[in-house]
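Quick notes on the structure that follows.
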Amino acid sequence: MKYRPLSGPSGLFVYGTLLVAWASLAACVFCPVRIVQAQGTGSIGLTVVNGTTGQPMAGHEVVLLNHSAEEGPDQTLARVVTDSEGRYEFTGLAADGSHYVVATRYLEMPYLTRHIPLEPGAGRIEELLQVFEITTDETALVHSAVHLVVDAGPEILSVTEIIVVENRGNLTFAPPPGVGMGLVYTLPAAAFGLQPMMDGLQHTDRGLLFSSPVSPGVARIVYAYNVDRASIDHRFTRRMDYDVERVQVLVSPSTETVTATNLTNDGVQQIGEDEYLLLSNRVGVGRGMSVEVAFPSVLAWQDVMKWGMLGFVVLIVAAGLVVGIRVKPEQPDEPPALDDLSPEDKRKYDAIVQALAVLDDQFAAGGLGEDAYRTRRAGLKDRALRLRQPGSGDE
């Protein structure tokens, strides 16, 4: 609503009086709110230290970020410089459950604190942020765990790999950019549809290359891919590219009946709302060794069609024999069983059955038109019927 002053002198007086009254009321209403807001604040006392040398990082730039919205970007609240002791105190921060992060860079490497929650009444929180010198030597890197989550579909295995790498030294492992150095992981030969789930992963002719820096502490490398079950004979094999202390394979659905090599079946485990069959190692798996999970074979639709057609042919042959007997009751002789056929006729009969199977495969693969398929199949069926009739032979 837009206020307009009245035109007369008495109107101006009334309008001014209302403004004064409104301002007084606003002051009385909002004063307590401001006091409450002032009471709902906290502070973060930050110290930045070089974790390699142990020296404080004096005059070092840091950035305070607000990370309250999980789906939104971080909000930059302050960009400041530490004092001679590598310290800075952020004050007057909202203590309403907001999460804060302090970020910095050293030798072009990024470093972050944990998420720092300021709950009501939190007061002052001390936080340490370490930066490190860098190295290209990966000696201090240890693969402490490899987790393989396998979703077993009828034809495709969907695999997610979570590799846990620990930097147990006091230098950041930092491969030089553009050189192609880093940690290399070999995917199974039948893998396709690679999906890197983090920055620093790329597919190269040497394998999957992880070239992001790894600071002292724990890092996780995550990616996913698919494997065609038939192409690996339903045996998923993962060769270790590095020594690994712990290997876990989580299979879904948990009802899968599998056999494993270099792994022990630990039964069904509940993880969140899902159930998995857990397979894990009892001793470390060395570089070049493999773990294997064999899944039960599932007939592909081509196999089902081939054997179904073959069964249909057998039924047709049997039905033809029965019809032949009824049409020619005067013939006392019954069709000879396969074992009663002469060696030559039996060889011919086996060849016809094999030819039918090959013909079905060609048709299923799309290499043969329907008309040609039916014509050739009818001819083979007729030859099979004539072989089973006494004294006819295969003319």
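See the values below:
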item	result
Any chance ALA337 is among the small types (Gly, Ala, Ser) and at pLDDT 60 or above	no
Segments classed as strands (runs of 3 or more DSSP E), wholly inside region 88-186, with at least 3 members that are closer than 30 Å to SER280 by Cβ	141-152, 156-167, 183-185
Selection within region 148-199 - buried (at least 17 other Cβ atoms within 10 Å of the Cβ), closer than 21 Å to TYR276 by Cα and either touching a helix residue (DSSP H, G or I) at 6+ places or on another chain (Cβ under 9 Å) or not charged (D, E, K, R) (or both)	LEU148, VAL149, VAL150, ALA152, LEU157, VAL159, ILE162, ILE163, VAL164
Breaking point among (1) open to solvent by 30 Å² or more (accessible area, probe 1.4 Å); (2) modelled with pLDDT under 75; (3) over 14 Å from ILE316 (Cβ atoms), for ARG388	(3)
Near pairs, Cβ below 6 angstrom, 6+ apart or cross-chain, from region 251-267 (under 22 Å from ARG239 (Cα atoms) and in contact (Cβ under 8 Å) with a residue 40 or more places away in the chain) to any residue that is assigned to a strand (DSSP E or B) and among the charged types (D, E, K, R)	SER252/ASP151
Within region 46-63, considering residues that are of a type in the set (A, V, I, L, M, F, W, C) and either in contact (Cβ under 8 Å) with a residue 40 or more places away in the chain or open to solvent by less than 30 Å² (accessible area, probe 1.4 Å) (or both), the one farthest from ARG114 (Cα to Cα)	MET57
Pairs where the first residue, in region 78-90, is on the phi > 0 side of the Ramachandran plot and the second is part of a strand (DSSP E or B) and polar (S, T, N, Q), C-beta under 8 Å, 6+ apart	GLY86/THR47
Any hit, region 203-216, residues being under 22 Å from THR135 (Cβ atoms), touching a residue at least 40 places away in the same chain (Cβ under 8 Å), small (Gly, Ala, Ser) and in a loop (DSSP other than H, G, I, E, B)	yes
Single residue of TYR242, TYR225 found to be touching a strand residue (DSSP E or B) at 6+ places or on another chain (Cβ under 6 Å), in contact (Cβ under 8 Å) with a residue 24 or more places away in the chain, in a loop (DSSP other than H, G, I, E, B) and open to solvent by less than 40 Å² (accessible area, probe 1.4 Å)	TYR242
Identity of the residue in region 349-373, touching a residue at least 12 places away in the same chain (Cβ under 8 Å) and of a type in the set (D, E, K, R), that ends up most open to solvent (accessible area, probe 1.4 Å)	ASP361
Count of region 245-299 residues which are farther than 23 Å from HIS143 by Cα, polar (S, T, N, Q) and either assigned to a strand (DSSP E or B) or open to solvent by 80 Å² or more (accessible area, probe 1.4 Å) (or both)	7
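One line per residue, one yes/no per condition, for (1) open to solvent by less than 20 Å² (accessible area, probe 1.4 Å); (2) more than 14 Å from ILE44 (Cα to Cα):
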site	(1), (2)
ALA78	no, no
ARG87	no, no
THR91	no, no
TYR111	yes, yes
ARG114	no, no
THR135	no, yes
VAL146	yes, yes
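The values are calculated or read from the model by the stated rules, or taken from the named source; none is laboratory data. Because the structure is a prediction, the values reported are computed rather than measured. As a convention, Cβ positions derive from the backbone with ideal geometry for all residues, glycine included, and neighbour counts pool all protein chains shown. When the accessible area is computed, the model is the full protein with side chains, heavy atoms only, and any ligands, DNA or RNA have been set aside. Shrake-Rupley method; radii C 1.70, N 1.55, O 1.52, S 1.80 Å.
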